[in-house]
Every structure is written in structure tokens, then in C-alpha cells.
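The values are calculated or read from the model by the stated rules, or taken from the named source; none is laboratory data. None of these values were measured; they are calculated from a predicted model. Cβ placement follows ideal geometry from the backbone for every residue including glycine, while neighbour counts extend to all protein chains displayed.
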Amino acid sequence: MLLRQNSFLPGLHRVQRTIKQSITDKGKFMKPMKNILRIFATVVIGLLLAQNVAFAQEEEVTEKPKERPARAAFESGLLFDGATTTLQPSKTLEMVIQHRFGSIENGITDLYGIWAPSNIRMGLNYSILDNLMVGIGATKFNKMQDIQLKYNVLQQTRSNKIPVTISVYEVIGIDGSADSKFGKNYKFTNRLSYFTQILISRRFNDKISLQVAPSFTHYNSTDSLVDHDRFAISVAGRFKFSPQSSLIISGDFPLQIQGISEYRKDVNDTQDLPPVANICVGLEVATSTHAFHVYLGSSQGIIPQENILYNKNDFFKGNIILGLNITRLWNF
């Protein structure tokens, strides 16, 4: 029995050594494997984090809202005999017809101004760009021709980040009267007059829009004792009470600034009376291609510089006229 036991022990020792060697070899093999797994896990986690950051940045850029312009404050670029900030889309041609009857103060004798001398203007405006319009026109009184330009500087946005629309409006008038009207030293420049206005409007909601517009008027040649220059403030408003109809109102208020006046009241009592505010109240009916105004106003002039410098009709004293405007749009 002892011999058999001794012969078995060496074999057992060999098995134990083999197992230990196997465990040692396995540990040596597993150590680099663990390092490889750590590196692989680090790379995968880094890629996932980078992908999440990229998606977050892309989502942030995508979600940033684009500023959209608000709808125009007024249906037409014309309100009575003044301009609004509204500009038609590029490549749009607009035909304008403006008619002023005589004063209603003579009552039935003149059929409330219909039989009295009237004034009329016909014009064409063309939108070169979405924010730039040029126009020409001809008026009956003084055989006046005019060149107009309107440029949209700033557009109100729906988010109200930009709360108002601002436009610059310029009118150059050319008086077509006989040379004798301008005296002996006549020059062509005597016929010219200029009107510059900054239009500032806001559309408050679907029903209410308001506009305020400071302006400067200059005539190269004026009647005796009439200033060549005049500042003014114009205001306008619209209340829309149906999809196509609105109540409209405006006022042009010439400013009496003694510092720029050529005549002093305390020295020259013969100075001509200063111009009177031009007040208009009426109804507007508009479609996608037409706008129609019927109203009561106080000035029989049509181009703005004439109303600012020469209007002597007082709306509140009954010097009221009936006026009609119609505009028609064509897109090319």
C-alpha cells in the first residue's frame, strides 16, 4: 500500500503545478485584455457624448425662430393725399386716380361742390424692389408734375422685436404754369418744390394701425409773403371693422417756427396767413388689387407740399370738400 501511495504523489504534484501555471498564464493574458476593454469603452463613451452635443447644437439652431415681417399697417400706400409705409411687392405696378371736388360751403348752388372747380391727379407707381418704389404723376392745378420715391428702411416684425415700420418718402414737384408766373428772372429751377417725410407706422392688431410722419417742405419760388420752408407733423389712423372696410382719418399740421420764418409778425403785419391743418375723415374699401377712398377733407391740393404750404381751408369752419381715390395693382 505504501508503494502505491508514493507512486501516486508525484502525479498529483504535476497536476497541481499545471493548474497553477495555467492560472498564472491566464492572468498574464487577461491583463492586456482589460486594458483594451477600458480603451474601447472610453472611445465609445466619447463618441456618444460628442454625438449628443452635435445633436443639441443642431436642435438649438433649428429651433431659433426666424423673424417674420408683420402685415402692412395700411391696405394701400396712399391714404387720402398722403403716403403710408405700405409698399407693394417688387414688380408691381400701381395706378392711382385722385379726385377733389370743390368746397361744399355753397350748398345746393354748387351741388355741394360737385359743380365747383375740381382738381384731379393721375399717377403710376412701380415697386422696383420689395422695399423701393418710384412713381410719377400729373395734377390739374398748376399743371403740376411730380416724381416720387419711397424707401422702406425698417419693417415691423410679428414678434415685435422691431415694433414699427419706417419709410422715407420724397416728392419733387414741377410747376407747369406759364413762365410769367415766376417773374422776370425766370429759371427752370423756380418751378421746383420738394417734400421729404419720414413715415413711422405700427400695426397694433388686425383692426388698429397708426402712423406719425414729420416732414419738411421747400419751394424754390413762392407767392409774395409766403415762406419758402415749412416743417409739419402728419398723423393717420385706421380702424378696420370688416374684412374689406375701414374707417380712416388723417391730419397734416404745419408748424409755425419763427426761427426759420422769413417774416416776423411783430414787424410785418402784411404777412400772409399761415397755412391751416388739412383734416380728412373717410371710408376705405380694399381688395387684393384695389383700394377705394371716399372722404371729406379740407385741402383741394393733392401733392403734399402744396397742402402743407398753401392750404387755407379750415375743416372746422365748414371749408370741406368731397374727395375720391382709387388704386389698381398689376403684378408682372
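Data table
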item: So Asp110, is it among the charged types (D, E, K, R) and more than 26 Å from Val171 (Cβ to Cβ); result: yes
item: Matching residues in region 69-101 - criterion: being among the hydroxyl-bearing types (Ser, Thr, Tyr) and surrounded by fewer than 22 Cβ atoms within 10 Å (Cβ to Cβ); result: Ser90, Thr92
item: Matching residues in region 102-129 - criterion: being of a type outside the set (A, V, I, L, M) and surrounded by fewer than 16 Cβ atoms within 10 Å (Cβ to Cβ); result: Asn106, Gly107, Thr109, Trp115, Pro117
item: Yes/no for Asn205 being of a type outside the set (A, V, I, L, M) and touching a strand residue (DSSP E or B) at 6+ places or on another chain (Cβ under 6 Å); result: no
item: Considering residues of region 120-148 that are more than 20 Å from the chain's Cα centre (by Cα) and not in a strand (DSSP E or B) only, the residue nearest to Val96 (Cα to Cα); result: Lys140
item: Single match in Leu49, Leu93, Leu37 (criterion: at pLDDT 80 or above and either in the same structural domain as Ser167 (by TED's automatic domain parsing) or more than 30 Å from Gly318 (Cα to Cα) (or both)); result: Leu93
item: Count of region 296-332 residues which are of a type in the set (A, V, I, L, M), part of a helix (DSSP H, G or I) and closer than 16 Å to Lys140 by Cα; result: 0
item: Residue match in region 169-180 (condition: of a type outside the set (Ser, Thr, Tyr), in the same structural domain as Arg121 (by TED's automatic domain parsing), closer than 19 Å to Glu75 by Cα and modelled with pLDDT under 95); result: no
item: Test: residue in region 261-283 that is loosely packed, with under 15 Cβ neighbours inside 10 Å, in the same structural domain as Ser127 (by TED's automatic domain parsing) and in a strand (DSSP E or B); result: yes
item: Subset of region 258-317 (residues that are at pLDDT below 90 and of a type in the set (Asp, Glu)); result: Glu262, Asp266, Asp269, Asp272
item: Qualifying positions in region 102-125 - touching a strand residue (DSSP E or B) at 6+ places or on another chain (Cβ under 9 Å), farther than 18 Å from Asn142 by Cβ and touching a residue at least 60 places away in the same chain (Cβ under 8 Å); result: Ser103, Ile104, Tyr112, Gly113, Ile114
